[in-house]
Amino acid sequence: MINIRNKRLDQSQLTCGRQSVNSSIATQGKDYQQLEKSFYQISQGQKVKQHTLPALQEKKGLFEQIFVAVHEKLNDDFKNTIFRQTQYKTLIKNSNKTLKLKTNNTKIKFKRQQSVIETNINQNCLIKGNWIACEQNWFPQFREFGQMVTHQGSIFLSGGFGNSVNNDFCQFETTSNKWTSLQNVTPRYGHTMTSISTDLYVIGGEQINNYGPLRSKCFVNEIQKFDGERWHTIKYTGIFQMRKYHAATNYKDSIFIIGGEGFKNKVLNDTMIFDTAHSRFHEVPNPKNVFAKGIMHTAIVEVQETIYLYGGVNQNDEVYDQLYTYDAIQNWKPKETIGSKPPKLMMHTMVYYDPFILLYGGKIDDMQQTTFSNQIYALRNNEWYVIQQEGVIPQPRAGHSSCIDGNKLLIFGGFNYDGYLSCQMQIMEFKRVYQINRIVSLPALKSEPAETSQGQRKTFLLKTRFSLLK
């Protein structure tokens, strides 16, 4: 229970939908009558109009103490933001679900974002993105089905198909937005490139044989490793069927590979692991035979030793719209999600931007016509969000490459109904927006007494949402 102007309030928790939310802020004297009235209305299940609380539209001042409590675990990034902005004097309590500290009267700005009654409680950290201009004097040729990864603080691009099969290997620096052409590699497209420790591994793909009277396609049957200075061809053991349009990611210092298109256009359904320490392939058991009809043009990403997979197409040209996860115990299994779920997609990309899995672009199968996407979907705690995009939004695309560098999403190449897309690197810069849905106490502003005559802090229990502005 909380004291307000010597009055006892019996209800200290409001319930909304399936979630209970504790939330309060400090306000000043003349607003208390309106607040008490609003609290009574809320406690009786009545809606409170947003304009009835003008004093809560924005609060900016010196806060003596911050007390944050949530029902799920407080993430470290959010805690660090609070610590950094408050320059706190004393850490009173720090646990998985609560954080209490004295702020040394540091100025913090909280801005109200939603109405008092909010039925859709989001996570406490979301992101929005802004596409930024990227001037480049020289850039690689346009292409589809190339590969781009973040490695050792730089961005590397290899292969792909444009006017011909590319054999270039290029480096991009985000600090200067400059491309550098490096040593050429075996030409290929539809391959994968994976960063493991200090090395880059290129597996699979296809090339076109220009020698002889006929141009013929053939799989690249060699694995190449870049050690930071030059390329090496790796001799490996184990059985591995050559392929293109497969998906790969790092997994426990090995490379996790699934599906792809093999000989005679067969869509593969196997899951393989390449042990980089011993240069050995072995197949992962799949007793449930989840992808019995095969899978290619899908996207996977590893998060804390769990593989996430979304989308792709099988041998019957059926496009998947299910999220799957893989771990060493459960094998492949469908994952139930909520929120703004992506459509049936293929030729899209997925990357991890802690704590979000980001899905970008792809070819959409809507049964009526083929379209392309330029949406960004974020997955966190099994809930999908559509990311708000600002700036000049790039054209929809598929068959592109993407990677994460710091707080930036980088997109290169791809195609859509107009053909190949610009050679310019597309860069989105993310900003984290902290949704403080469950603030338990923001005690008195410096301009009013910190305590009442009974020694109790002036606080008021009110469900609302605030953003901590960076």
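The lone criterion from (1) under 26 Å from the mean Cα position of the chain (by Cα); (2) modelled with pLDDT of 95 or more; (3) charged (D, E, K, R) left unmet by ARG243 is number (1).
Would you check if PRO334 is free of Cβ contacts under 8 Å to residues at least 60 places away in the same chain, farther than 23 Å from GLY159 by Cα and exposed (fewer than 14 other Cβ atoms within 10 Å of the Cβ)?
Answer is yes for this residue.
Restricting attention to the stretch 257-291, the residues being among the hydrophobic types (A, V, I, L, M, F, W, C) and in contact (Cβ under 8 Å) with a residue 60 or more places away in the chain number 2. For the stretch 151-166, a residue qualifies if it is out of contact with any Phe, Trp or Tyr (no Cβ under 8 Å at 6 or more places or on another chain) and modelled with pLDDT of 95 or more, and exactly one does: HIS151.
Yes/no matrix, rows are residues, columns are (1) out of contact with any Ser or Thr (no Cβ under 9 Å at 6 or more places or on another chain); (2) of a type in the set (Asp, Glu); (3) more than 22 Å from MET242 (Cα to Cα):
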{"site": "LYS293", "(1), (2), (3)": "yes, no, no"}
{"site": "GLY312", "(1), (2), (3)": "no, no, no"}
{"site": "VAL319", "(1), (2), (3)": "yes, no, yes"}
{"site": "GLY339", "(1), (2), (3)": "yes, no, yes"}
{"site": "LYS344", "(1), (2), (3)": "yes, no, yes"}
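Within the stretch 257-279, the residues that satisfy the criterion of being within 13 Å of TYR201 (Cα to Cα) and either buried (at least 22 other Cβ atoms within 10 Å of the Cβ) or in contact with a helix residue (DSSP H, G or I) (Cβ under 6 Å, 6 or more places away or on another chain) (or both) are ILE257, PHE274.
Between a first residue in the stretch 149-164 that is in contact (Cβ under 8 Å) with a residue 12 or more places away in the chain and closer than 17 Å to TYR353 by Cβ and a second residue that is crowded, with 18+ Cβ neighbours inside 10 Å and small (Gly, Ala, Ser), which pairs have beta carbons less than 9 Å apart while being 6 or more apart in sequence or on different chains? Cβ pairs passing all conditions: VAL149/SER158; VAL149/SER195; VAL149/SER401; THR150/SER195; HIS151/SER195. When you scan the stretch 134-141, do you find a residue that is loosely packed, with under 15 Cβ neighbours inside 10 Å, of a type outside the set (Asp, Glu) and farther than 18 Å from PRO394 by Cβ, even just one? So far as the stretch 134-141 goes, yes, one or more of its residues are loosely packed, with under 15 Cβ neighbours inside 10 Å, of a type outside the set (Asp, Glu) and farther than 18 Å from PRO394 by Cβ.
Yes or no, residue by residue, for (1) surrounded by 16 or more Cβ atoms within 10 Å (Cβ to Cβ); (2) within 19 Å of the chain's Cα centre (by Cα):
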position: GLN375; (1), (2): yes, yes
position: ALA378; (1), (2): yes, yes
position: TRP384; (1), (2): yes, yes
position: GLN395; (1), (2): no, no
position: CYS403; (1), (2): yes, yes
position: GLY406; (1), (2): no, yes
position: GLY413; (1), (2): yes, no
position: ASP418; (1), (2): no, no
position: LEU421; (1), (2): yes, no
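Within the stretch 169-178, restricting attention to residues that are modelled with pLDDT under 95 and of a type outside the set (Ser, Thr, Tyr), the residue that is surrounded by the most Cβ atoms within 10 Å (Cβ to Cβ) is ASN177. Tell me, yes or no, whether the stretch 249-261 has at least one residue that is over 23 Å from VAL351 (Cα atoms) and either modelled with pLDDT of 95 or more or among the polar types (S, T, N, Q) (or both). Within the stretch 249-261, none of the residues are over 23 Å from VAL351 (Cα atoms) and either modelled with pLDDT of 95 or more or among the polar types (S, T, N, Q) (or both).
Under the condition of being touching a residue at least 60 places away in the same chain (Cβ under 8 Å) and either aromatic (Phe, Trp, Tyr) or closer than 23 Å to THR194 by Cβ (or both), the residues counted in the stretch 379-397 number 2.
Out of all the residues in the stretch 307-330, which are in a loop (DSSP other than H, G, I, E, B) and surrounded by 16 or more Cβ atoms within 10 Å (Cβ to Cβ)? Across the stretch 307-330, the qualifying residues are GLY311, GLY312, ASN314, GLN315, TYR320.
Among the residues making up the stretch 365-376, those that are over 12 Å from TYR417 (Cα atoms) and modelled with pLDDT of 95 or more are ASN374, GLN375, ILE376. Has the stretch 275-285 got at least one residue that is modelled with pLDDT of 95 or more, in contact with a Phe, Trp or Tyr (Cβ under 6 Å, 6 or more places away or on another chain) and hydroxyl-bearing (Ser, Thr, Tyr)? Looking through the stretch 275-285, at least one residue is modelled with pLDDT of 95 or more, in contact with a Phe, Trp or Tyr (Cβ under 6 Å, 6 or more places away or on another chain) and hydroxyl-bearing (Ser, Thr, Tyr).
The values are calculated or read from the model by the stated rules, or taken from the named source; none is laboratory data. Just so it is clear, the structure is predicted and the values come from calculations on it, not from any experiment. No Cβ is skipped: glycine too gets one built from the backbone with ideal geometry, and neighbour counts run over all protein chains shown.
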